[in-house]
1. Check A:D483: other-chain or 5+ apart residues with amide H under 5 Å from its amide H, H built from backbone geometry?
2. Which Rg and Dmax, in Å, describe the Cα atoms of chain A?
3. Mind giving me the nanometre distance, one decimal, between the label points for A:S457 and B:I128, set 7 Å out from Cα along Cα→Cβ?
4. What percent antiparallel are the DSSP beta bridges of chain A, to the nearest 5?
5. How are the alpha carbon pair distances in the range A:9-252 distributed across 10 Å bins from zero to the largest one, expressed in percent?
6. For every other residue with a beta carbon closer than 15 angstrom to the beta carbon of A:D141, add +1 if it is Lys or Arg and -1 if Asp or Glu, then tell me the sum.
7. Assign one of three labels to the range A:1-153, namely rounded, prolate or oblate, based on the Cα gyration tensor with a ≥ b ≥ c the square roots of its eigenvalues; rounded applies when a/c is under 1.5, prolate when it is not and a/b is larger than b/c, and oblate otherwise.
8. Put a dot 7 Å past each Cα toward the Cβ at B:V38 and A:E389; how far apart are the dots in nm?
Amino acid sequence: MASSSGEVLELTAEGIVKRFGDFVALDNVSLDLRVGEVLGVVGQNGSGKSTLMKVLIGAQKPDAGRIQLRGRPFSPKNPHDAESHGISMVYQDGALVPDLKVYQYVYLGREVTRGTILHSRGMRDKTSELLENLKIPCSSDDFIRDLSPATQRMVSIAKASLGMITGENKSDERIIILDEPTAQLSSTERSIVFDKVREWKKRVSFVIISHLLQELIEISDRMTVIRDGKNVGTLDLHEKSVSAAELHKLIMGRERRDIVVRRNASLTKVLEVELAKQRVFDVSFSLGEGEIVGFYGTIGSGVRELGMALIGSLRIDRGVLKKGGKSLGGSIAARVRMGIGYLTGDHASQLNIEWSVQRNISLSNWDKILTRFLKLAMIDSRKERQLAEEYMKLTNIAPPNPDAICMSLSGGNKQKVILARWLAKEPDILVLDNPTAGVDVGTREEFYRLLANSAASGKSFILISEDLDELSTLCSKLHLMKDGKIVRSLASAALENLGDEDIRQIIKGL
Amino acid sequence: MLKLGGRRLQERLIVSNLGLLIGMIVLFSVASPGFLSVRGIIAIQLTLVPILLLAVGETFVLMARSFDLSIGSIYILTSVFTALFASQLGPVAILVGPATGAIFGLMNGMVFKFGRIPSFIATLATMIIYQGVAQIVVTGQYYLFATEESFRAIAISFVASVIPLMMVWAMILTVFFIFVALKTKFGRVVYSIGANYEATRFSGINVMKYQLAAFAISGFLAGVAGGLAAAQQGGASALPYPILLPAVAAATIAGTPITGGAGGPHRALLGALMLAVLTTGLNVNAVETNLKTLIFGIVVIIAIYLTTDRRVVHLIK
């Protein structure tokens with residue numbers, strides 16, 4: 001079966017409908033994937049794109065519609081069944097097992113045995129074959145934990161392509177769906193993974209879900225936008241180039257709103273930092289009241305270590321770290337007490353995931369939820385509830401249920417819970433480390449607006465990010481870091497006039 | 001939207017453990033009518049008190065993502081110290097147990113904190129040390145008598161002719177600590193440490209302080225149990241007494257995971273009740289010792305299996 005342009009279609013889905021009770025997750029959605037292409041799929045959290053993928057791999061059964069795989073009807077009973085037909089998905093959170101060797105991980109769940117004994121040699125050899133085939137720079141005997149994040153990601157993609165080599169598939173072709181494959185990776189690592197995808201394109205058709213519009217544009221042949229359960233358009237990037245802004249408009253259904261950030265910060269210095277000749281960085285800067293100062297750096301630039309040093313989780317040897325003239329205490333607890341907070345995009349280290357939203361918001365905000373009775377600090381459920389509701393409303397967390405368990409929330413909403421906690425705490429200085437990693441565009445806009453409002457009311461922020469768009473939107477001052485030093489500082493006037501491309505050029509030139 | 005086991009699953013677990021408990025009570029009373037007699041009920045309580053107190057203390061330590069293996073030794077050592085001072089202090093001697101217990105608990109915490117040794121190993125060591133100290137203290141006498149009426153009355157005088165006073169103390173403390181765990185900032189923080197150590201640390205809490213406190217509580221409660229034991233028996237010896245495993249079992253079988261972060265002392269109460277009923281029931285029915293151990297182990301496995309459901313749900317994203 002061929003489309004009008006002569007391309008062979010690998011997979012087509014037509015008229016897919018999926019309801020959860022009254023809620024229509026997929027409303028007559030169609031999608032097609034050509035052989036050897038990279039199809040980017042974008043959409044807000046809750047737009048239905050994840051549900052669509054689950055339908056494609058057999059994790060959900062659609063209420064209506066049909067799927068054709070290479071011209072033949074395809075209705076997988078479960079993901080395992082789908083995999084044997086050559087279509088599988090690599091999930092966002094990897095579920096890597098750090099203490100296993102590469103070949104053990106690759107064969108996890110489908111170990112080859114001779115009778116009851118594991119046929120290690122066979123698995124090892126096949127894995128080496130696969131690694132060589134896909135040109136992944138590691139060996140079957142390496143431990144997962146010793147690999148770089150990018151290589152780990154590649155290994156999980158390799159795991160999904162195992163059928164290709166072992167001949168388990170009923171067919172030779174292969175479709176792999178990647179769900180946020182570059183989440184939590186640095187930009188260098190991301191390009192490594194995407195280069196590999198380009199290499200493998202010849203033998204595998206990819207569907208990539210991502211919130212990083214710019215990169216997806218660079219790697220995709222075509223892109224499909226899902227909004228409110230509908231396919232609102234498929235763009236062919238070879239016919240016409242697409243900008244992130246255009247995509248943004250399709251995804252959101254409206255123009256992007258402008259964030260107004262106060263550029264001329266007051267001169268009251270809130271934070272003075274002079275950390276010369278530390279092990280991993282050597283910087284000196286100050287932060288003003290109501291200012292948002294940005295730091296850009298890739299892995300190895302020391303920028304993340306700087307963030308950790310500011311909150312107190314990384315020891316610094318000497319140096320000056322003063323807030324409002326007073327030296328900062330050594331421990332995280334002391335710094336938080338002095339009015340410093342720390343928010344990262346890695347919610348695993350910030351969120352008690354099995355707890356409710358309400359309890360995660362109140363963690364750190366003891367003064368707002370306690371009543372004292374005979375020297376015992378008791379938790380006042382009513383106050384806790386009020387606090388949670390107030391900040392859930394402010395950060396627009398969905399679903400608006402304070403008792404919802406955080407594990408069930410989408411990535412963006414999880415981030416909002418952490419943000420809600422810190423907004424409630426109202427630290428004078430909040431250090432943000434890649435706060436919007438893996439968060440969809442709509443949520444990002446809300447985040448930015450909240451940060452801008454907070455800054456306008458006098459709170460200061462340090463924003464560490466690899467997202468230039470984010471940095472130029474929010475910051476009044478931007479420090480570029482490389483090899484542990486600030487190599488260039490851009491002030492607000494310069495930032496306003498420079499576009500993303502210009503900044504990228506500056507960074508390339510460093 | 002993910003439908004999480006969450007609350008409904010927790011309720012199911014309590015119900016199934018309660019069911020197990022009731023089932024055992026019915027079974028034993030049918031097998032031997034003496035089980036639910038006055039003597040039987042008293043026997044259950046006498047077994048229950050030490051297991052309960054130690055389990056509640058251990059629960060706090062577990063929730064704080066640590067392990068206290070020394071509670072059995074603290075129990076023995078504090079009972080020895082209490083008996084030592086009973087003749088001089090009379091009923092006031094009952095305070096020796098909790099006081100020294102808390103100190104030993106703090107010492108556990110210190111080894112853990114300053115030695116930077118994992119709590120499992122640290123308390124393994126202190127378990128042996130405390131036992132050794134107890135044996136040194138009783139050298140020569142082997143059994144310390146503490147027969148003063150006023151002192152013993154604290155444990156064995158009866159309320160409502162069926163409830164020994166030691167049970168009353170134990171329940172008061174248990175209810176208090178359940179309250180602390182569920183309703184106070186302290187309890188919430190301890191849960192948080194077990195749920196996610198990193199997140200708790202980054203939220204600005206001094207984690208060490210709370211873990212130290214958990215060890216102190218565990219030592220304190222073991223000390224209360226030790227003191228009451230000396231009063232109840234009218235003396236103390238340094239003979240090793242296998243109470244560690246029943247206490248840990250009681251703390252974990254009814255829903256507090258080994259890794260902490262959930263469950264709590266109310267679960268320990270249920271667990272302790274189950275084990276006390278089981279032990280007494282097996283004794284009353286004169287079940288042969290080896291068979292007793294076997295049955296004990298099987299019941300523990302069943303109860304833990306019912307708890308493990310939660311962990312499995314947790315792994316499925």
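1. A:S301
2. In order Rg, Dmax, the Cα atoms of chain A give 24.6, 80 Å.
3. Taking the simple label geometry, A:S457 and B:I128 are separated by 5.9 nm.
4. Antiparallel: roughly 55 percent of the beta bridges in chain A.
5. With a bin width of 10 Å, the distribution comes to 7, 31, 35, 20, 6, 0.
6. Working: positive: A:K101, A:R121, A:R124, A:K126, A:R145; negative: A:D99, A:D125, A:E129, A:E132, A:D142, A:D146.
Summing Lys/Arg as +1 and Asp/Glu as -1 gives -1.
7. Prolate, since a/c reaches 1.5 and a/b exceeds b/c.
8. Each label point is offset 7 Å from its Cα along the Cβ direction, giving 5.5 nm.
No value in this document is a laboratory result; all are computed from the given coordinates. As the structure is a computational prediction, the values presented were derived from the model and not from experiment. FYI the Cβ positions are ideal-geometry reconstructions off the backbone, even for glycines, and counts take in every protein chain you see.
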